[in-house]
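> So that we are looking at the same thing, I have put the structure below in structure tokens.
The values are calculated or read from the model by the stated rules, or taken from the named source; none is laboratory data. Everything quoted here is computed from the prediction, not taken from an experiment. When we count neighbours, we look across all protein chains shown, and the Cβ atoms used for this are built from the backbone with ideal geometry, even at glycine. Areas reflect the complete protein model, heavy atoms only, side chains present, ligands, DNA and RNA absent. Shrake-Rupley method; radii C 1.70, N 1.55, O 1.52, S 1.80 Å.
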Amino acid sequence: MSNTIKVESAEQTMAIGEKLAPYLQPQDLILLDGDLGAGKTTFTKGLAKGLVITKPIKSPTFTIIREYQDGRIPLYHMDVYRLEEGGGDDLGLEEYFNGDGVNVVEWSKFVADELPDKYLRIIFRRDDSQGDNVRTLTFEAKGDRFEKMITDILGK
């Protein structure tokens, strides 16, 4: 079974996030990894739309964590790129991971030691040779619930 799909627009990237949202519940962890500008925040915008969050989704690059409380369940959007030199343990990530919302972590490798055992990782790869918005998304599940989500979302 291939856990990889190709998207050709920001709208398609958002649609995948929106399609994932109904499956999510509190304490779910979604890891988004890939190059700068690969579509991680765009995906999160779709996820937020699917969670019925009405506030605009902005990249948390400089704030590290943005909280959105107005949806079906809260969304905690984290960009830990600036923690490349360490320091994730000072953020209280465990409280978020064990809390009342969905956690989306961009650049998860910088807090790998703090991640729970179960999560869904999506790796975004740009393919600029095929156009500005062409991306390959690879889904990796750790845990049975996330395996089922991938099957349902990708239709495979």
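> Out of the total accessible area of the chain (probe 1.4 Å, heavy atoms of protein only), what percent is carbon and sulfur?
Solvent-exposed carbon and sulfur of the chain make up 45 percent of the total.
> Nearest 500 deg cm²/dmol is fine: what mean residue ellipticity at 222 nm does the chain get from its DSSP H runs of n ≥ 4 alone, each adding -39,500 (n - 2.57), divided by its residue count?
After summing the helix terms and dividing by the residues of the chain, the value is -7000 deg cm²/dmol.
> Given axes a ≥ b ≥ c from the Cα gyration tensor, I'd like to know whether segment 12-64 is rounded (a/c under 1.5), prolate (a/b larger than b/c) or oblate.
Rounded.
> For the chain, what does the accessible surface come to per residue with a 1.4 Å probe? Please give it in Å².
Ligands and nucleic acids excluded, the figure is 51 Å² per residue.
> So what is log10(I(q)/I(0)) for the chain at q = 0.10 1/Å, when the Debye sum runs over its Cα atoms only?
-0.31
> May I ask for the longest run of the chain untouched by GluC sites (Glu not before Pro) that are loop-located per DSSP and have at most 14 neighbouring C-beta atoms (other than their own) within 10 Å?
9-83
> Nearest-5 percent of antiparallel DSSP beta bridges in the chain?
55 percent
> Taking θ = phi - 60°, what integer Hz values does the Karplus form 6.51 cos²θ - 1.76 cosθ + 1.60 yield along segment 137-150, in sequence order, with x for Gly and Pro?
Rounded to whole hertz, the list is 10, 10, 9, 10, 9, 10, x, 4, 4, 6, 4, 5, 4, 4.
> Also: Amide H neighbours of Ile64 under 5 Å, at least 5 residues apart or on other chains, H built in the peptide plane: list them.
Asp79
> Same structure, new question: How would you order 115-123, 35-43 from highest to lowest mean count of nearby Cβ atoms within 10 Å?
Those peptides, ordered most packed to least, come out 35-43, 115-123.
> When a/c reaches 1.5 or more, the comparison of a/b and b/c decides; with that in mind, is segment 102-156 rounded, prolate or oblate per its Cα gyration tensor?
oblate
> A further question on this structure: Between their Cα atoms, which of Lys55/Lys109; Lys6/Lys55; Lys109/Lys142; Lys40/Lys142; Lys19/Lys58 are more than 25 Å away from each other?
Beyond 25 Å between Cα atoms: Lys55/Lys109; Lys6/Lys55.
> With contacts defined as alpha carbon pairs under 8 Å and 6 or more residues apart, what's the relative contact order of the chain in percent?
31 percent
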